[in-house]
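For reference, the structure discussed in these notes is given below.
Please treat every number below as a calculation from the coordinates, not as lab data. These figures come from a predicted structure and were not determined experimentally. With ideal geometry, Cβ positions are generated from the backbone for all residues, glycine too; neighbour counts draw on all protein chains shown.
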Amino acid sequence: MYEILMTASDFVLKDKALGRFPLIVKRLGEDEMLEEGDTYHFDAATEYFLHRSFKKHTDSGSVRDEASIICKFFNYLPVIENGRCKPRNWIACTSDMIINYQIALQNGTEINSAARRNRYISTIYDFYYFCETKNIITGVIGFNDSTKHNALTYPIPVLKPSKKSIKKKKAFEVDHLERTKTSQREYIESPYNWDDALNKAQESSRKISKRDQLMLRTVREAFLRREELARVVIDKFDSVTREKRVNIRLEKSKLDGQKGTRTVKFEKSLYNELVRYVRRGRKMLIKAGVSSRAMFLSQQTGKELELSSVNKIFEKYGVRPHDGRAVGLTERFIELINKGHSKNTCILLVSQEAGHSTKTLSGGTTTLETHYLIAEAFLTEKKSRINNDELSTAQSKIVELEQEIERLKQSVK
């Protein structure tokens with residue numbers, strides 16, 4: 001079986017900090033020895049993780065996550081020989097084995113997000129494709145061409161990338177990933193996935209966990225777009241406040257070309273958490289010789305996060321930046337509806353807080369109306385649920401009273 005070992009926290013390779021870098025090794029059982037030509041250390045996986053760290057600039061947390069995915073897959077289909085359980089030869093993998101593993105993930109309870117399961121499958125394919133392109137393996141994964149006679153048939157076939165995938169720099173596509181459009185919409189309709197993401201970030205002990213927590217909270221509670229989140233600066237977060245909320249003018253927003261940057265309201269609890277983060281947690285990500293005013297820094301560079309890096313951080317927790325903004329807007333509508341505001345007033349107030357342009361308001365408010373209707377539906381369902389609970393309680397009391405009356409009648413007799 002395989003297991004993961006971590007390097008020391010101060011491990012450095014080629015001037016790059018690789019603290020707690022994952023290494024996949026074989027765990028030998030009692031009286032078990034390596035076969036001829038075999039090694040204790042899984043070199044192919046290490047090369048892949050180094051490629052991800054150096055060439056793709058993947059953060060160490062994501063690399064550890066990928067190591068966990070690959071290790072779990074290799075331990076999924078063991079071979080029983082002479083009464084002993086041993087790992088299957090990883091090179092002898094087929095698409096059927098990966099699909100069976102995908103089905104096992106769907107039927108299990110550990111991963112309840114289609115997007116997260118797709119990450120598992122995509123990582124497995126990406127690992128094998130890397131090994132094929134680097135000649136670590138040959139004839140295992142590639143594009144099958146049925147039009148050519150006697151063409152090589154790959155046991156792990158992939159599809160040629162579409163134009164959209166090419167723009168995203170994808171070398172291939174997988175044809176059996178789950179559709180996630182519906183599940184992504186659920187993030188807008190319900191905050192539960194977002195709560196799970198925040199809990200996951202809070203449970204982490206990594207030095208970037210506080211950064212991730214505050215990024216998740218900021219897009220949800222301050223309704224920031226991805227671009228705005230990446231460009232929040234520390235200048236206005238210098239002292240703890242007693243005010244209920246603090247207005248912060250953003251240096252970058254979607255409306256720059258129309259009417260300049262917008263002002264965002266930060267609630268006291270979030271604002272003060274960001275102030276404390278600037279004083280402590282953020283300093284752990286500062287690199288020597290690198291100066292940046294950005295609130296949220298890259299662990300690798302110590303500079304402002306790239307937009308693609310923001311996406312990757314949120315993907316670790318099974319959510320997208322815009323989903324947090326959507327959840328926050330819906331929750332804001334629920335708050336305003338409970339206060340008795342009309343639909344038009346709700347939409348006007350939220351549009352100002354969310355930074356929607358006046359052009360959008362005059363031309364149509366489809367997005368905000370969607371969030372308003374979701375909020376209205378949530379409150380209707382909640383009210384119905386309360387009414388049903390009250391009815392059930394009343395019916396129970398009636399039954400108890402009837403029983404008590406019957407008991408009294410019997411005692412009189």
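In table form, for the structure just shown:
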item	result
Given charges at Cβ of Lys, Arg, Asp, Glu: the range 88-154 dipole, positive-most of ASN100, ILE121, GLY139	ILE121
Distance in nm between pseudo-label sites at SER122 and LYS303 (7 Å out along the Cβ direction from Cα)	2.5 nm
FRET efficiency, LEU50 to SER342 (Cβ-Cβ, R0 60 Å, nearest 0.05)	0.55
Cα gyration tensor shape for the range 260-347, rounded if a/c is under 1.5, else prolate or oblate	prolate
Estimated FRET transfer efficiency (ARG293, ASN112; beta-carbon r; R0 41 Å; 0.05)	0.60
Check: the range 192-327 dipole with +1 on Lys, Arg Cβ and -1 on Asp, Glu Cβ, in debye	340 debye
Residue-count net charge about SER239 - beta-carbon cut-off 14 Å; Lys, Arg +1, Asp, Glu -1	+1
Charge sum, other residues only, whose C-beta stays under 10 Å from LYS343's C-beta, Lys/Arg counted +1 and Asp/Glu -1	-2
Length added when fully stretched, THR380-ASN100, from 0.36 nm per residue minus Cα-Cα	96.6 nm
Net charge contributed by nearby residues that have their C-beta within less than 12 Å of ALA197 (K/R +1, D/E -1)	0
Shape call, the range 192-327: gyration tensor on alpha carbons, a/c limit 1.5	rounded
